[in-house]
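Undergrad: I am attaching a structure below and will ask some questions about it afterwards.
The values are calculated or read from the model by the stated rules, or taken from the named source; none is laboratory data. These numbers come from a predicted model, not from an experiment. Using ideal geometry, Cβ is built from the backbone for each residue, glycine included, and neighbour counts are taken over all protein chains shown. To get the accessible areas, we keep the full protein, side chains included, count just its heavy atoms, and leave off ligands, DNA and RNA. Shrake-Rupley method; radii C 1.70, N 1.55, O 1.52, S 1.80 Å.
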Amino acid sequence: MIIQSERISLKHLLSVEALSDQEVMGLIHRGQEFKRGAQWNPEKSQYFATNLFFENSTRTHKSFEVAERKLGIETIEFEESKSSVTKGETLYDTVLTMSAIGVDVAVIRHGDEHYYDELIESRTIQCGIINGGDGSGQHPTQCLLDLMTIYEEFGSFENLKVAIVGDITHSRVAKSNMQMLKRLGAKVFFSGPKEWYKDEFEVYGHYLPLDELVEEVDVMMMLRVQHERHGDEKSFSKEEYHQAYGLTEERAKRLKKHAIIMHPAPVNRDVELADSLVEGMQSRIITQMSNGVYMRMAILEAVLTGRS
Ligand code: CP
């Protein structure tokens, strides 16, 4: 028997911290329903969404576009280079304009952490905001699709051992995931270069050398090396990084048989993990991408319902 999930409604989706456990689980269940072919029965006959990406993106941007089309939402195109941002228009005024012309929800990726604070404090901006990534801050929609992928595999988060490995300091995905995974009962471990690790992460889990973790964990979550956020920081050669901190073919042989490999992508093949593992049997990287569409359908539905 398939039990219908309780509908979640949200004003915005800005960070995972702001979600209750019930909201997280509701979104996961709704994402699974959409994956099984569920339809949305909207209150209004027409909704408009816009995807404002001020940082590059393939998965988040395009899966939101697919999710919007699957839900029957009209997507209002936006390209920074062809917009009035080139004339100096601010993010605030861009979103204010979108809201004024009737956009119901804006999905935004921006380089500034907490860019959304001034938008949600505005009394004039009426549209919902979905955070598609704020600098090194948070990536809540990626976190939710990662949770959906893990839940689909194991059916629970309780006592699941999850390793988050790599460039943790610069990863908004890691920050969202460590918070939610701990809250939902998983045991979180970290590994990767000590230069890209902060003591503040100890609230959520423990650092261990990768070679101690590979045989222990149920989920091996590798992170992209975020060169664009490193500035003058120490860098590693590809080979040096792969051997010291990457999931090599040798290390992967020591994973538990049921363990899964995840990566938010884009993947630097043969850096964070061996090329042959990306589409291998234990990888769920492609599933993460597909689940991104269904989870984003659930998020769009929740925010549009929350604003109706
Ligand atoms: N994982 C992720 O956010 O990918 P994009 O940068 O391609 O959206």
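Undergrad: Divide by every residue of the chain the summed helix terms, -39500 (n - 2.57) for each DSSP H run of at least 4, and state the resulting mean residue ellipticity at 222 nm, rounded to the nearest 500 deg cm²/dmol.
TA: On the way: 11 runs with 114 residues, N = 308.
Rounded to the nearest 500, the figure is -11000 deg cm²/dmol.
Undergrad: Starting from the Kirkwood Rh over alpha-carbon pairs, what translational D in µm² s⁻¹ does the range 188-230 have by Stokes-Einstein at 4 °C and 1.567 mPa s? Don't jump to the answer; show the numbers that get you there.
TA: Numbers: Rh = 11.5 Å.
The Stokes-Einstein estimate is 112 µm²/s.
Undergrad: Arrange the peptides 31-37, 230-236, 198-204 so that the one whose residues have, on average, the most other Cβ atoms within 10 Å appears first. Could the numbers behind the result be given before it?
TA: Numbers: 31-37: 16.7, 230-236: 10.4, 198-204: 12.1.
Answer by packing, highest mean first, reads 31-37, 198-204, 230-236.
Undergrad: Quote the convex hull volume per residue of the range 140-284, based on C-alpha atoms, as a whole number of Å³.
TA: On the way: hull volume 14.5 nm³, N = 145.
Per residue, the Cα convex hull of the range 140-284 comes to 100 Å³.
Undergrad: Using mean Cβ contacts within 10 Å as the protection proxy, how do 152-161, 289-298 order, highest first? Walk me through the numbers before you get to the answer.
TA: Values: 152-161: 14.5, 289-298: 24.1.
So the order, starting with the most tightly packed, is 289-298, 152-161.
Undergrad: Considering only protein heavy atoms and a 1.4 Å probe, what is the carbon-and-sulfur percentage of the accessible area of the chain? Present the calculation step by step, with values, prior to reporting the outcome.
TA: Details: 6570 of 13860 Å².
So the carbon and sulfur contribution to the accessible surface is 47 percent.
Undergrad: Additional query: Mind listing the phi-derived Karplus ³J(HN,Hα) values for the range 195-203, rounded to whole Hz, using 6.51, -1.76 and 1.60 with θ = phi - 60°, and x for any glycine or proline?
TA: Once rounded to whole Hz, the list reads 4, 10, 10, 10, 4, 4, 6, 4, 4.
Undergrad: So for the range 140-284, averaging the separation of alpha carbon pairs under 8 Å that are six or more residues apart and normalising by length, what relative contact order in percent results?
TA: On the way: 236 pairs, mean separation 36.0, N = 145.
Relative contact order here is 25 percent.
Undergrad: At 7 Å along Cα-to-Cβ for each site, give me the label-to-label distance between ALA18 and ASP275 in nm.
TA: 4.3
Undergrad: Can you compute 3J(HN,Hα) from phi for each residue in the range 99-107, using the Karplus curve 6.51 cos²θ - 1.76 cosθ + 1.60 with θ = phi - 60°, rounded to whole Hz and x for Gly and Pro?
TA: Running phi through 6.51 cos²θ - 1.76 cosθ + 1.60 with θ = phi - 60° gives 5, 5, 8, x, 5, 8, 8, 10, 8 Hz.
Undergrad: Count the net charge of all other residues whose Cβ sits under 11 Å from the Cβ of MET297, scoring Lys and Arg as +1 and Asp and Glu as -1. It would help to have the intermediate numbers written out before the result.
TA: Numbers: positive: ARG30, LYS35, ARG69, LYS70, ARG296; negative: GLU33, GLU68, GLU301.
Residues near MET297 contribute +2 overall.
Undergrad: Percent of alpha carbon pairs in the chain separated by more than 34 Å? It would help to have the intermediate numbers written out before the result.
TA: Numbers: 10261 of 47278 pairs.
The share of Cα pairs beyond 34 Å in the chain comes to 22 percent.
Undergrad: Now a separate question. Jot down the per residue volume, in cubic angstrom and as a whole number, of the convex hull over the alpha-carbon atoms of the range 80-194.
TA: Details: hull volume 15.9 nm³, N = 115.
Considering the Cα atoms of the range 80-194, their hull volume per residue is 138 Å³.
Undergrad: May I pose another question? If I model a spin label as a point 7 Å beyond the Cα along the Cα-Cβ vector, how far apart are those points for LYS194 and THR90 in nm?
TA: For LYS194 paired with THR90, the spin-label model returns 4.3 nm.
Undergrad: Separate question: Determine, for each peptide in 215-221, 84-90, the mean count of other beta carbons within 10 angstrom over its residues, then list the peptides with the highest first. Each step should come with its number before you reach the end.
TA: On the way: 215-221: 21.4, 84-90: 10.7.
Most protected by this proxy first, the peptides run 215-221, 84-90.
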